[in-house]
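The values are calculated or read from the model by the stated rules, or taken from the named source; none is laboratory data. Owing to the predicted nature of the structure, the values given are computational and were not obtained by experimental measurement. In this analysis, Cβ positions are derived from the backbone assuming ideal geometry, glycine residues included, and neighbour counts consider all displayed protein chains. Keep in mind that these areas ignore ligands, DNA and RNA; they rest on the heavy atoms of the full protein, side chains included. Shrake-Rupley method; radii C 1.70, N 1.55, O 1.52, S 1.80 Å.
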Amino acid sequence: MKFYDSELKVMDLLWQKGELSAKEIADELKLSIGWNKNTSYTVIKKLVDKGAVRRRDPGFHCTALIGQESARQSALTEVLDKFYQGSVGLLFASLLARENLSPDEVGQLRSMIEEKK
């Protein structure tokens with residue numbers, strides 16, 4: 001399932017906090033990024049229509065139906081297919097070529113590879 005940036009704002013809140021009412025989501029997003037209530041409600045409705053969020057009444061309570069890790073894997077598959085011809089090796093080489101990769105990050109990557117062996 002593909003999420004647009006606006007949808008990820010709502011999903012991130014639900015992943016972090018669990019079930020929230022639409023009003024609570026709207027209040028949080030007003031404070032953090034300046035959205036008005038209608039914008040928040042429109043994005044929530046799109047997520048409900050996609051099947052990513054369940055709406056429960058009374059109170060318009062929202063729950064994520066797609067887990068964060070599942071969304072990450074889906075996005076990663078899309079990036080792999082779109083930019084790296086499905087090759088994890090090409091993606092990994094691109095990560096290693098980044099000039100701003102810290103020694104700690106290199107060590108973490110090395111450890112992850114060793115764990116996979």
*Where residues in the range 94-105 are in a helix (DSSP H, G or I) and farther than 28 Å from Trp15 by Cα, which of them is modelled with the lowest pLDDT?*
Leu96
_Regarding the range 30-39, can at least one residue be identified that is open to solvent by less than 50 Å² (accessible area, probe 1.4 Å), under 24 Å from Arg72 (Cα atoms) and touching a residue at least 12 places away in the same chain (Cβ under 8 Å)?_
no
*Would you point out the residue of the range 64-117, among those that are without any contact (Cβ under 8 Å) to a residue 24 or more places away in the chain and among the acidic types (Asp, Glu), that is most open to solvent (accessible area, probe 1.4 Å)?*
Glu99
*List the number of the failed condition for Phe60; all other conditions in (1) touching a residue at least 12 places away in the same chain (Cβ under 8 Å); (2) closer than 20 Å to Lys2 by Cα hold.*
(2)
*State which residue is modelled with the lowest pLDDT when the search covers only the range 75-93 and only residues that are in a helix (DSSP H, G or I) and among the aromatic types (Phe, Trp, Tyr).*
Phe92
